[in-house]
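Single-structure report; data block below.
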Amino acid sequence: MRARVGQRVPVVVQSRGRRRRGARVLWVGAEAFVTCGVVLLLLVAHQLWWTNQQARAVARQQVSALEREWGMSPPAPSSPVPSPVPSVVGTAEPSAAASPGEGDGGGRERGGDPSGPAAGPAPRDPVPDSSAAFAVLRIPRIGLTAPVAHGVSKRSVLDKGYVGHYPGTAGPGRTGNFALAGHRNTHGEPFRYVNRLVKGDEISVRTRDATYTYRVDQILARTVPRDVGVIRAVPRSLVRPSYGYDAPGAYLTLTTCTPEFSSAYRLVVWARLMSVGAPVRG
């Protein structure tokens, strides 16, 4: 049937409703985007700030507790015990594995002091199966004071802001390699600035029995995580053999991740025992 001349044909207009639905979709998407951004920022703040605050508080309390205990009780008698042979660490956790790299020139100096300082009480090896803190590490150059605990477990040691002692390596002051690991970032980040250490810097380790003073000797700026040679009794990099030692001595090794906010490589600092002092009683 033909429409009459002049008759209007009704037209349904839906553009306004479509615009409203589109606006709602955009609004919901924007809200979701903002919410995700806020949650992400909170997670970053928790990881980079809050974990540091928590871990540092726990570490400070542990240092105070240790020094208070040592000041109140006399050291237990000790007797010389052969230094244990470090075991090879095959798969260390990212924050704990040894980390060598390009040195600062001091890496090519070899040789150790086989005898080490003769004065001072005979050190005792820490109990290997406990994650309790047994020493206090101080590095004046970077303003670090941190408790040292057994093992390199992230949950029970490193994430608490502690420095971890590699199982199987020598105890402080012993002939061999007293090898330590610590976080570079987050969870107290005790080793955040170990890259600032230079040859000749002093590092002290205090225990119930004595205070052991080491002096930085070599720095390996980067190596792969599985370079286990850096924590052996006579430390030497398996990746860069020009860094390390040829002779037995009393060594201290610090290992951490590098570069910052990455676990791709490891940074290593080596020091040698210079002196042994009697414990300070409070």
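Nothing in this text is a laboratory measurement; each read-out follows from the coordinates by a stated rule. Since we're looking at a predicted model, the values are computed, not measured. Virtual Cβ from ideal backbone geometry, glycine too; neighbours counted across all protein chains shown.
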List the residues, sorted by chain then number, that are 5 or more residues from residue 188 or on another chain and whose placed amide H is less than 5 Å from its amide H.
52, 55, 56
Among the chymotrypsin sites (Phe, Trp or Tyr not before Pro) in segment 217-282, which ones are in a DSSP loop with at most 16 other Cβ atoms within 10 Å of the Cβ? Mind listing them?
261
Answer rounded, prolate or oblate for segment 142-181, using the Cα gyration tensor with square roots of eigenvalues a ≥ b ≥ c: rounded when a/c is under 1.5, else prolate when a/b is larger than b/c, else oblate.
oblate
Shape call, segment 213-260: gyration tensor on alpha carbons, a/c limit 1.5:
oblate
Would you mind classifying segment 125-282 by shape? Square roots of the alpha carbon gyration tensor eigenvalues, ordered a ≥ b ≥ c; an a/c under 1.5 is rounded, otherwise it is prolate if a/b is larger than b/c and oblate if not.
rounded
